[in-house]
Amino acid sequence: MNLLENSFSILVNNNLRISWISEDLANFLGYSKDSVIGKEIDFISEDIRQKLSNSKFFGTLKDSSSGITTGIFDVTKIVDNHGNTQGFLIQFYFYDKTTESEDFLVFNTQNIKMKKLLEKASLVAQSDVSVLISGETGTGKSRLAKWIHINSPRVAFPFVKVNCSAIPDTLFESEFFGYEKGAFTGANKDKPGKVEIADKGTLFLDEVGDLSPTSQAKLLVFVDTKEFERLGGNRPKRANVRIISATNKELLQEVRKGKFRKDLYYRIAVVRIKIPPLRERKEDIPLIVNSFLHTKNKRITKRAMEFLVEREWYGNIRELRAVLESACILAYDRDIIDIEHLIDEISPFEEISTEDRIEDVLPEKIIFDEKERIISALEKTGGNRKKAAELLGISIATLWRKMKKYQINY
Ligand SMILES: Nc1ncnc2c1ncn2[C@@H]1O[C@H](COP(=O)(O)OP(=O)(O)OP(=O)(O)O)[C@@H](O)[C@H]1O
Ligand SMILES: [Mg+2]
């Protein structure tokens, strides 16, 4: 067990009694090794027995002063010569909580395309091939990238995201490859780049389609050789990274237009996964809504759910979550979300200028009174709420809420 002494590991028997614990984990939890041996494990605050059937699971560690740490548990079943389970070796890895933690493990879907896509992703996760994830904004590209990492053997190592659209050419090398002290004015100490930090883990190139031709050329060399040099350094280094990229562009078209290097494309897009927009998998909306509201201890009315399912969601799941988030704030004093809470005034994804719209429609007279404006729009559209809302430049939910407020029955 010497090798494991400096890790966060525990051995338990079939009854979940601890037969061994690493020095580091015991110290971290604030127990002495001897005091826990033989006791039933109670500091993994999940339904541990059930979870042990998975080879990996998200969970929390509770220390002796009830401090909680989130992380990933890796489970190895210990069997005897006859194949009977004797116990489990459980290893804990810290997980960066600033991301979305547990949420990442779940990809709720009932959509057949999405299910196939996830099957493909879980197969891909086991290997080291490069993956390109494409899809509209907010469809879950970043989430899928992380999901692949979490489901890959690299889970215990870093997942490092680089936002390619935010890196100017002049900073590419220092960002990606790092620099050594004195490499340039202001380089007061050595700094590793993203590829070095991601060693043994996953390098996630977000918005890869936004890289300039110069940066693409530099990236190509690294992708090809997995070798790089820090700025000001004189030794090539190697980084063992799996590359996952994401883009909301049609990257192949960019290749055809000569904007993205073909050779780089084929290296980063060995496997291609395209996430369909939410409006093409509306059956997922109730699932996503319910799982989100569940975390907030809220429910939703049937008509509010119907309203959400009907929408086109050009901002996809991100937009849906934003609307739900604000609904939960508006409905802070209730358990149930209704249409009136689903205000999204004017969604940033379907920007309509309210003033323009109202002037377009109601040129005869500028009406300042909101109630009158609503009545006038309803009159003009013969009571069609959808059209009236469009004319007013507000969502149906907002119109509905305002009609209720002003007691307009149309
Ligand atoms: N299947 C899902 N269930 C629940 N939440 C999801 C799901 N897919 C994505 N999300 C959530 O939706 C939001 C947007 O997802 P994400 O950031 O991964 O999208 P993206 O495609 O990377 O967007 P962008 O192109 O803007 O970078 C996140 O909060 C993410 O956790
Ligand atoms: Mg993203």
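With springs only between Cα atoms under 10 Å, which of Arg154, Arg303, Arg281 fluctuates most in a Gaussian network model of the chain?
Arg303
Where q = 0.16, 0.24 Å⁻¹, what log10 of I(q)/I(0) comes from the Debye formula for the stretch 176-288, counting one point per Cα?
For the stretch 176-288, the Cα-only Debye profile gives -0.83, -1.32.
Give the average over all directions of the projected area of the C-alpha convex hull of the chain, one decimal, in nm². It would help to have the intermediate numbers written out before the result.
Numbers: hull surface 113.7 nm².
Averaged projected hull area, Cα only: 28.4 nm².
Greater than 22 Å separation of Cα atoms is the criterion. Which listed pairs, Lys161/Lys191; Lys249/Lys274; Lys141/Lys249; Lys296/Lys387, meet it?
Lys296/Lys387
How compact is the stretch 102-274 by the rule of thumb for globular proteins, expressed as Cα Rg over 2.2 N^0.38 Å?
For the stretch 102-274, the normalised Cα radius of gyration comes out at 1.05.
Packing-wise, with mean Cβ within 10 Å as the measure, how do 58-69, 268-279 rank, highest first?
Result, highest mean first: 268-279, 58-69.
Quick check: Cα centre of the stretch 9-27 to Cα centre of the stretch 324-341, how many Å?
Between the Cα centres of the stretch 9-27 and the stretch 324-341 lies a distance of 45 Å.
Enter the mean projected area of the convex hull around the alpha-carbon atoms of the stretch 107-154, in nm², rounded to one decimal.
3.3 nm²
Given the options Glu254, Glu40, Glu370, which has the most mean-square fluctuation in a GNM of the chain, springs set between C-alpha atoms less than 10 angstrom apart?
Ranking Glu254, Glu40, Glu370 by mean-square fluctuation puts Glu370 first.
Exposure proxy check: Lys181, Lys191 ranked by fewest other beta carbons within 10 Å?
On the way: Lys181 10, Lys191 18.
Going from least to most buried by this count: Lys181, Lys191.
Quick one: among Leu203, Leu219, Leu378, which has the greatest mean-square fluctuation in a GNM of the chain with alpha-carbon springs under 10 angstrom?
Highest fluctuation among the options: Leu378.
Need one number: % antiparallel among DSSP beta bridges in the chain, to the nearest 5.
Given both bridge residues lie in the chain, the antiparallel proportion sits at roughly 60 percent.
Please pull out the direction-averaged projected area of the stretch 2-94, using the convex hull of its alpha-carbon atoms, in nm² to one decimal place.
For the stretch 2-94, the mean projected area of the Cα convex hull comes to 5.8 nm².
Which one, Asn188, Met114, Ile21, is farthest towards the positive end of the dipole of the chain when Lys and Arg carry +1 and Asp and Glu -1 on their Cβ?
Farthest towards the positive end: Met114.
Only counting other Cβ atoms within 10 Å, I'd like Leu144, Leu293 sorted with the fewest neighbours first. Present the calculation step by step, with values, prior to reporting the outcome.
Values: Leu144 22, Leu293 19.
The most exposed by this proxy come first: Leu293, Leu144.
Given Cα pairs under 8 Å that are at least 6 residues apart, what percent is the relative contact order of the chain?
Computed value for the chain: 12 percent relative contact order.
Using a Cα-Cα cut-off of under 30 Å, which lysines could be cross-linked to Lys33, ignoring same-chain neighbours fewer than 8 residues away?
Output for Lys33: Lys51, Lys56, Lys62, Lys77, Lys97.
May I ask you to sort His294, His149, His82 by Cβ crowding, counting other Cβ atoms within 10 Å and putting the fewest first?
In increasing order of surrounding Cβ atoms, one gets His82, His294, His149.
Find which of Val129, Trp313, Cys328 sits farthest along the positive direction of the dipole of the chain, computed with +1 on the beta-carbon of Lys and Arg, -1 on that of Asp and Glu, about the Cα centre.
Farthest along the dipole direction, towards plus: Val129.
Bear in mind these aren't lab numbers, they're just calculated from the coordinates by the rules spelled out. Just so you know, these numbers come straight off a predicted model, no measurement behind them. Positions of Cβ are backbone-derived with ideal geometry, glycine not excepted, and every protein chain shown enters the neighbour counts.
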